[in-house]
Amino acid sequence: TSQMLGTLSQATGGFTPVTPLQAPCCISAFTIDPVRGTFYVSKGDNLVYELNPTTGATILVALGAFANAQITALAMDCGGRLFAADGVDQGSIYRVRFDANPTLVGTTGISRPTGLAFDTSNGIPYGWFNPGGIDGISTHGIVDTSTAQVSSTSVISGRYRMAIRNACSPDQLRILVDGFEG
């Protein structure tokens, strides 16, 4: 009924609320910067907001996709690159730039992206797509961040989202500190 930010117990699956998310409703995509810990969200439009995890307030920080897009997935890698997936068309992937307009990477050809996440241990980006709708079949695969093509796919019944929890390696952090982009 109302969106809340909170934590999930990995042992019990229990949810502990931290703060309600402030209007206007509703968060459609979410990621956390793996280096700085900054929370980024989208609200079913083409914009990216920073989310304050204490108050639930959001601040507009970037144009995440072209006009009429609806961002349904966000992912950030250890190099600070933020990607957005458009849920309106055939899964267009955008590179979000905080200081410029977004760049269209390409189209996956699979509709309804529901999740993007980087495995920070190896830099591989994964995506979930739900081309058949709520009761359809989900496709999971590796997303090429230079072409948006999806490979190594698996298909299962249901609708899925994902998160990958691991830390950036010291080498990845050194690249970020040195100002180079991986």
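The values are calculated or read from the model by the stated rules, or taken from the named source; none is laboratory data. No experiment lies behind these values; they were computed from the predicted model shown. A quick note on method: Cβ atoms are made from the backbone with ideal geometry, for glycine too, and the neighbour counts reach across all protein chains shown. Ligands, DNA and RNA are stripped out before the accessible areas are found, and what is left, the full protein with its side chains, is counted by its heavy atoms. Shrake-Rupley method; radii C 1.70, N 1.55, O 1.52, S 1.80 Å.
In the range 65-87, what residues are closer than 13 Å to Thr31 by Cα and not hydrophobic (A, V, I, L, M, F, W, C)? Correct list: Thr72, Asp77, Gly80, Arg81. Can you tell me which residue among Gly44, Gly79, Gly6 is at pLDDT below 95 and either within 16 Å of Gly115 (Cβ to Cβ) or open to solvent by 80 Å² or more (accessible area, probe 1.4 Å) (or both)? Selected residue: Gly44, the only one of Gly44, Gly79, Gly6 that is at pLDDT below 95 and either within 16 Å of Gly115 (Cβ to Cβ) or open to solvent by 80 Å² or more (accessible area, probe 1.4 Å) (or both). Contact map, the range 24-44: residues that are closer than 15 Å to Ile164 by Cβ and outside any loop (DSSP other than H, G, I, E, B) paired with residues that are open to solvent by 30 Å² or more (accessible area, probe 1.4 Å) and modelled with pLDDT under 90, Cβ distance under 9 Å, separation 6+ or inter-chain. Pairs shown: Phe30/Ala163; Thr31/Ala163; Ile32/Ala163.
For the range 119-146, a tally of residues being under 18 Å from Ile71 (Cα atoms), open to solvent by 20 Å² or more (accessible area, probe 1.4 Å), at pLDDT 90 or above and of a type in the set (Val, Ile, Thr) returns 1.
Among the residues of the range 24-41, are any open to solvent by 40 Å² or more (accessible area, probe 1.4 Å), hydrophobic (A, V, I, L, M, F, W, C), modelled with pLDDT of 90 or more and more than 17 Å from the chain's Cα centre (by Cα)? No, the range 24-41 has no match at all.
The one condition from (1) modelled with pLDDT of 90 or more; (2) open to solvent by less than 10 Å² (accessible area, probe 1.4 Å) that Gly91 does not meet is (1). If a residue has to be closer than 16 Å to Tyr94 by Cα and either of a type in the set (S, T, N, Q) or outside any loop (DSSP other than H, G, I, E, B) (or both) to count, how many in the range 45-58 make the cut? Adding up the residues that qualify gives 4. Taking (1) at pLDDT below 95; (2) in a loop (DSSP other than H, G, I, E, B); (3) over 23 Å from Val35 (Cα atoms); (4) over 14 Å from the mean Cα position of the chain (by Cα) in turn, Ser154 satisfies each apart from (2). Specify the residue that is most open to solvent (accessible area, probe 1.4 Å); the eligible residues are those in the range 94-111 that are farther than 14 Å from Val48 by Cβ and in a strand (DSSP E or B). Looking at residues that are farther than 14 Å from Val48 by Cβ and in a strand (DSSP E or B), I get Leu104.
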